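Undergrad: This is the structure, below, for whatever I ask next.
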Amino acid sequence: MIPPTPLLLVAGAHVLAGCAAVLPRRWGDVPCSLEFVWQLGMVTHFDLHRGRSSWPVPLVRSPLALRDAAAGRGWCRRRAEAGDLLLFRDEGNDQRWTVGVVMVVMDRHLSLTGEVRRCALAWTREVRESVDATETHEGHEAHEAAGGRMRVETGVRWVNTESSEIAIRWYAQPDEVERAA
């Protein structure tokens, strides 16, 4: 099996963001940013020889359920790093949480404790388009039946894990492996 590797997740997010990808949704009852992170993890960690993925993050129904699952596994961290999942509040709606992939940490030492960092992130937003009556080809109908579509977006964000953002490190750091041995 492919070991949990944050570089695979970051590389996959970079490719999709660079293509300005619009992806189909399979689960309409799961927020699209959560579905994106889960699908990206499953695909980037898929082992062709064994026919399954080693992605350790479960598919949950809400970002807060992801937060609870991560807390139960000890995955919540004080400092965001490349390859982490980041839960943050949507800029347009403080009540809505978004899940993204930290692609790179741009500034590391911006507070005394180091928890405030400027990061480049990738996430998705649901594509909401009006459907013309003449636009009824099979591909579009299949996307609608499966829950719609989502567009990959990127951005730079100040990440403050001292307040509301939550960094989830779903993989082991070298020092954690040494302590466990």
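Undergrad: Taking K and R as +1 and D and E as -1, what net charge do the other residues with C-beta under 15 Å from the C-beta of E35 add up to?
TA: Net of charged neighbours comes to +4.
Undergrad: Follow-up. Please order S33, S164 by the number of other Cβ within 10 Å, starting at the fewest.
TA: Listed from fewest to most nearby Cβ atoms, that is S164, S33.
Undergrad: Arrange the following residues from fewest to most other Cβ atoms within 10 Å of their Cβ: R117, R73, R25.
TA: Going from least to most buried by this count: R73, R25, R117.
Undergrad: Order 15-21, 5-11 from most to least packed using the mean count of other Cβ atoms within 10 Å.
TA: Ranking, from highest mean packing down: 5-11, 15-21.
Just so you know, all these numbers are worked out from the coordinates, no wet-lab data involved. These numbers come from a predicted model, not from an experiment. Cβ sites come from the backbone with ideal geometry, for glycine too, and all protein chains shown count toward neighbours.
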